[in-house]
Structures are given as C-alpha cells and as structure tokens.
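Taking it in order: structure first as structure tokens, then the write-up.
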C-alpha cells in the first residue's frame, strides 16, 4: 500500500509523493532525507494552439496544464541527490521553455536522450514491415509532428549504466499524452540509481519508482479522464440602443 510523504504541509507541492516503501521522508527545511538519483518528468506544458477545427487536440482539453512560471516554481531540485539525472519530456514547440525549466530546477542540459517515434495505435507489437505506413501523423504548423523527445539534464555527476541504450525508440501511441512504459525500463538500464521518482505520473508507485502527480494510479485503474468538456460560451451582451 502506498503512503503519503510525511512532515510536509498539505499545501506543499510534493506532499503527495507515493512510495511502496513506506512514507517518503521529506521536510520543508531540508528537502528529502533520501534524495533521488533519477528524476523522470512529463510536465503538463501549456501551449496556445489555434485551429479552425477547435481545441480537440490541445492538451488543455484533456487535463490541467501549468505555465512555464508555475513549472519553474516547483522545487524539483530539492528532490535531487548530489549526483542526479533528470529525464524530462519536451514537445518541440515548448523546447525553449523546457530548457528554461530544467535550469530553474537546478540542472544542466546534457543532450537529447531519447526520440520517441510514434506509431499508430493498431501497430501493436507486431513486426514492422512498412515503417513509413506505420508512423503516426499528428498536427503541426509546418511539418506534421510524429515524434517527441526526452531531454537529459544533470546535477553533479550521475553514473551511466549500460552503454547499449539507443536513442531512437519506435513505440505505439496509447491514450492522450500517455508515454510508453518502455522509457522507464530504458532509463533504469541507462542510469545507475538506487532511488527513482516519476513526476506528473499516471501509474502507481512500484518497487522501482516513487510517483507524484494529481493523476497517480489513473492509468492502472483505467480511470484516465476523457477530454475535458468545452466551457459554456459567455452570453453575448445586448446591443445598446442608439
């Protein structure tokens, strides 16, 4: 059974970290008593999109997003061990914002660790014969987007594990903004870490990963929200008489 972090005010951003190993020893002054060697984050980027077809594909239609300033204000650096690797998802339109956020969190950009080439949902795990046909085509104001990246950034000198982990990953899409679990496995292989945490997580905490986010466990329970309903339009003001 997962437990909440102790010693934190209920309003503290990381008061709701979940762990299968018992209470996470956090405090407001010193941060985690046992900090994380690997932090994996999928921030809820806010992106003002426009389309004649509406905002059906905008992240704001599916879940609550955070501004760059709100993301920068999260004390993620307090979770990091002296030698820690941050693996942070970033979309291409928000790439400059992502670099700004990881710097605010106290990390130094290293490289692009992974490029997820998104395949159509029906591809599954079968052998890919015609790769071009199987690659998913998303939206885009210039080229049509079909990949997403994980940025690696470091604090101190985190240790590399396997030297055989490749950058390009072909994996099918699932739900909106859902990331394939294979990236967790690849990060476990790539980075030497005794303690790991996933931020903005939708899975339950497990033996390998602690979890934080307002939808923790939603994927495992099958309770991911459908698209958020469109707000009711404001009534049009009456024209004043001339």
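The values are calculated or read from the model by the stated rules, or taken from the named source; none is laboratory data. What you see is a predicted model, and the numbers here were worked out from it, not measured in a lab. Cβ placement follows ideal geometry from the backbone for every residue including glycine, while neighbour counts extend to all protein chains displayed.
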>> Being modelled with pLDDT under 75 and part of a loop (DSSP other than H, G, I, E, B) is the requirement here; does residue 126 meet it?
In response: yes
> Could you say which residue among 189, 167, 207, 185 is without any contact (Cβ under 8 Å) to a residue 24 or more places away in the chain and more than 14 Å from the chain's Cα centre (by Cα)?
Replying inline: 185
>> Step by step: first the residues of the range 148-169, then only those that are at pLDDT below 95, in contact with a strand residue (DSSP E or B) (Cβ under 8 Å, 6 or more places away or on another chain) and surrounded by fewer than 16 Cβ atoms within 10 Å (Cβ to Cβ), then the one that is nearest to residue 106 (Cα to Cα). Which residue is that?
In response: 167
>> Looking at the range 140-164 only, could you name the residues that are under 18 Å from the mean Cα position of the chain (by Cα) and in contact (Cβ under 8 Å) with a residue 60 or more places away in the chain?
In response: 149, 150, 151, 152, 153, 154
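Table: residues versus (1) closer than 24 Å to residue 65 by Cβ; (2) modelled with pLDDT of 95 or more.
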site: 183; (1), (2): yes, yes
site: 188; (1), (2): no, yes
site: 195; (1), (2): no, no
site: 200; (1), (2): yes, no
site: 208; (1), (2): no, no
site: 223; (1), (2): yes, no
> Of the residues that sit in the range 34-83 and are at pLDDT below 70 and assigned to a helix (DSSP H, G or I), which one is surrounded by the most Cβ atoms within 10 Å (Cβ to Cβ)?
Replying inline: 59
> Between residues in the range 101-114 that are on the phi > 0 side of the Ramachandran plot and residues that are assigned to a strand (DSSP E or B) and modelled with pLDDT under 95, which pairs lie under 7 Å by C-beta distance while being six or more apart or on different chains?
Replying inline: 106/80
